[in-house]
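Report on one structure; see the data block that follows.
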Amino acid sequence: MEKGRIIMRSVNFRIVVDIMLITALLLSMAYLLIGIDNHEWVGTAFFVLFFVHVYLNRKWFLSIFKGKYSAVRVFRTGLNLVIFILMLGLMVSGMIFATYTPNFIKTADSIYLAGQLHMLCAYWCFVLLSVHLGVNLNMLADAIIKKSVYRELFRFIGIIAAFWGVFAFMRQKILSYMFLQQHFVDFSGSSLIGFCIDYIAMMSFFALIGYSIMRVFSRVSVCKVNRQMKVKGGME
């Protein structure tokens with residue numbers, strides 16, 4: 001009984017960390033709307049939460065070189081490692097702008113390169129972290145929402161938000177930031193609430209992509225198992 005309570009507390013703590021991490025991600029993307037100083041604090045909190053998330057999932061990192069790799073494991077591992085590399089690039093580039101960074105590091109060239117790297121990593125991180133959220137959506141939904149009827153409602157709302165996310169993705173010109181076609185983010189005419197709504201919708205869209213990819217892997221796996229059972233049973 002006590003062991004079950006400990007596991008439940010651990011799961012609840014992970015959920016709280018993930019929710020705080022998503023909130024920090026959204027706020028850090030709105031850096032001009034919350035102010036540069038606040039962006040630095042939110043960004044610092046984001047990295048702390050990210051490394052707490054990594055620590056909580058340390059067993060996954062320790063198992064990278066163990067066992068066989070199926071297609072779904074290759075996908076999960078590749079996605080997670082790319083996100084980890086992008087996060088390191090985001091952290092290093094962000095530190096160059098930080099108020100505590102010595103002035104001799106803040107040369108014109110270093111600030112320019114750090115700015116380009118920061119934008120590149122930030123927008124790719126946003127997209128891939130959203131996909132990562134979708135990849136793990138079933139586990140999160142099972143942990144948070146106990147009744148299946150509420151899970152269906154949650155899925156329906158997510159799909160509606162994802163459709164909005166497609167239009168928000170185009171309107172916010174995210175692709176131009178991901179490939180550095182634009183070097184400065186346009187916040188003109190944006191409010192913090194409207195900005196967050198758009199980004200939550202875009203997050204829903206990319207989470208739906210991640211969720212759909214996992215559904216495809218799951219169905220392919222089931223088909224393979226059924227085929228193997230038929231072969232063993234002499235049906236083919």
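The values are calculated or read from the model by the stated rules, or taken from the named source; none is laboratory data. On a predicted model such as this, the values are computed, not experimentally measured, just so you know. For neighbour counting, all protein chains shown are included, and Cβ atoms are generated from backbone atoms with ideal geometry for every residue, glycine included. Accessible surface is based on the protein model in full, side chains and every heavy atom, while ligands, DNA and RNA are left aside. Shrake-Rupley method; radii C 1.70, N 1.55, O 1.52, S 1.80 Å.
I'm trying to understand the selection: among the residues of region 137-168, which are of a type outside the set (Val, Ile, Thr) and at pLDDT below 65?
Within region 137-168, 140, 141, 142, 143, 146, 147, 148 meet the criteria.
What is the residue count in region 49-64 for residues that are open to solvent by less than 60 Å² (accessible area, probe 1.4 Å) and farther than 14 Å from residue 88 by Cβ?
Final tally of qualifying residues: 7.
For region 1-30, give me each residue that is at pLDDT 90 or above and small (Gly, Ala, Ser).
Those that are at pLDDT 90 or above and small (Gly, Ala, Ser): 24, 28, 30.
Give me the residue from region 185-216 that is assigned to a loop (DSSP other than H, G, I, E, B) and open to solvent by less than 30 Å² (accessible area, probe 1.4 Å) and, out of that set, modelled with the lowest pLDDT.
Going through the qualifying residues, I end up with 187.
Just need a number here: residues in region 65-78 that are under 25 Å from residue 22 (Cβ atoms) and either outside any helix (DSSP H, G or I) or hydrophobic (A, V, I, L, M, F, W, C) (or both).
Of the residues in that region, 2 qualify.
What pairs come out if I take residues in region 171-200 that are on the phi > 0 side of the Ramachandran plot and among the basic types (Lys, Arg) and pair them with residues that are open to solvent by less than 30 Å² (accessible area, probe 1.4 Å) and in a loop (DSSP other than H, G, I, E, B) whose C-beta lies under 9 Å away, six or more apart or interchain?
What qualifies is 173/185.
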